[in-house]
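Data first, discussion second: the structure below is written as structure tokens.
The values are calculated or read from the model by the stated rules, or taken from the named source; none is laboratory data. Model, not experiment: these values are computed from the prediction. Using ideal geometry, Cβ is built from the backbone for each residue, glycine included, and neighbour counts are taken over all protein chains shown. Surface accessibility is based on the protein's heavy atoms, side chains included, excluding ligands, DNA and RNA. Shrake-Rupley method; radii C 1.70, N 1.55, O 1.52, S 1.80 Å.
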Amino acid sequence: MLNYWRDDVYQDIINQKDSIVYVDGMGVIYAQKLLKLPVAKERIATTDLFPALCNYLNETKSPLRIFLIGGSDGTAENVMDRFFIQYPNVHIVGTHHGYFDKRSSSKVIKYINSHKVDILFVGFGNPIQEKWVHQHFHRLRVCTFITCGGLFDYYANNVKRAPLFMQKIGLEWLYRLVQEPRRLFKRYIFGNIKYVWKVMRMKLSKALRSSKEGNL
């Protein structure tokens, strides 16, 4: 959400009618409740969506073809190998690491298109992944794009996911911070403070508007 508020280009991409936006963090649901907005029925994290999709495709023996792009060299490939064992009927047809020059993507796009992909999972991190998809949307011959952040690191066993109870109460970020404190301290500590402050300002602004309208 912080990127949405401070990055106009990213905000425009998210607001487009072709973009399907879902809540992947409990912080958004808490904010919706606090601000008395329509509340999402559930949190949908790509770490849950990905295996659920693969399970469905495996059971139905779907011909849909999946490509994974993102993560360090070998990470997405490890995910493909693991999921081939667990879901033998799922067609993960190719992978590519995410450490290439995003300003020069022609070779990568050509490589993806050569695999006749139906669903492309893009894990570059937010908002780089959304901007990359938006920029190359018409060049990529893909039916569905799903941006997925650090998804591949979880299923390549590079990092561990938080216990279920921490996920449900919105403390998955704390579990990640404990694993990688140096890399994630600024993002989670300062980022969370900014997020809470922004939501509280929105709450106060909403209360002031209601008060003024009541006095009219």
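A few comments on the model shown:
- Some residue of the range 151-168 being in contact (Cβ under 8 Å) with a residue 40 or more places away in the chain, surrounded by 11 or more Cβ atoms within 10 Å (Cβ to Cβ) and farther than 25 Å from Val122 by Cβ: yes
- Within the range 170-198, the set of residues being in contact with a helix residue (DSSP H, G or I) (Cβ under 7 Å, 6 or more places away or on another chain), modelled with pLDDT under 85 and open to solvent by 30 Å² or more (accessible area, probe 1.4 Å) comprises Trp173, Tyr188.
- When Arg187, Arg161, Arg182 are screened for being farther than 20 Å from Met26 by Cβ and among the charged types (D, E, K, R), only Arg182 passes.
- Test set (1) surrounded by fewer than 14 Cβ atoms within 10 Å (Cβ to Cβ); (2) under 19 Å from Cys148 (Cα atoms) - Arg103 fails condition number: (2)
- One residue alone among Ile109, Ile85, Ile119 is without any contact (Cβ under 8 Å) to a residue 40 or more places away in the chain and surrounded by 14 or more Cβ atoms within 10 Å (Cβ to Cβ), and that residue is Ile109.
- Selection of the range 34-46 for residues being surrounded by 15 or more Cβ atoms within 10 Å (Cβ to Cβ) and not in a loop (DSSP other than H, G, I, E, B) yields only Thr46.
- Scanning the range 1-28 for residues that are closer than 26 Å to Arg176 by Cα and of a type in the set (D, E, K, R), we see that the one that is surrounded by the fewest Cβ atoms within 10 Å (Cβ to Cβ) is Arg6.
- Odd one out for Ala31 among (1) touching a helix residue (DSSP H, G or I) at 6+ places or on another chain (Cβ under 6 Å); (2) assigned to a loop (DSSP other than H, G, I, E, B); (3) surrounded by 14 or more Cβ atoms within 10 Å (Cβ to Cβ): (2)
- Hits in the range 47-63 - residues which are open to solvent by less than 20 Å² (accessible area, probe 1.4 Å), free of Cβ contacts under 8 Å to residues at least 40 places away in the same chain and not aliphatic (A, V, I, L, M): Cys54, Ser62
- Given (1) open to solvent by 70 Å² or more (accessible area, probe 1.4 Å); (2) among the hydroxyl-bearing types (Ser, Thr, Tyr); (3) under 19 Å from Val117 (Cβ atoms), index of the condition Thr95 fails: (1)
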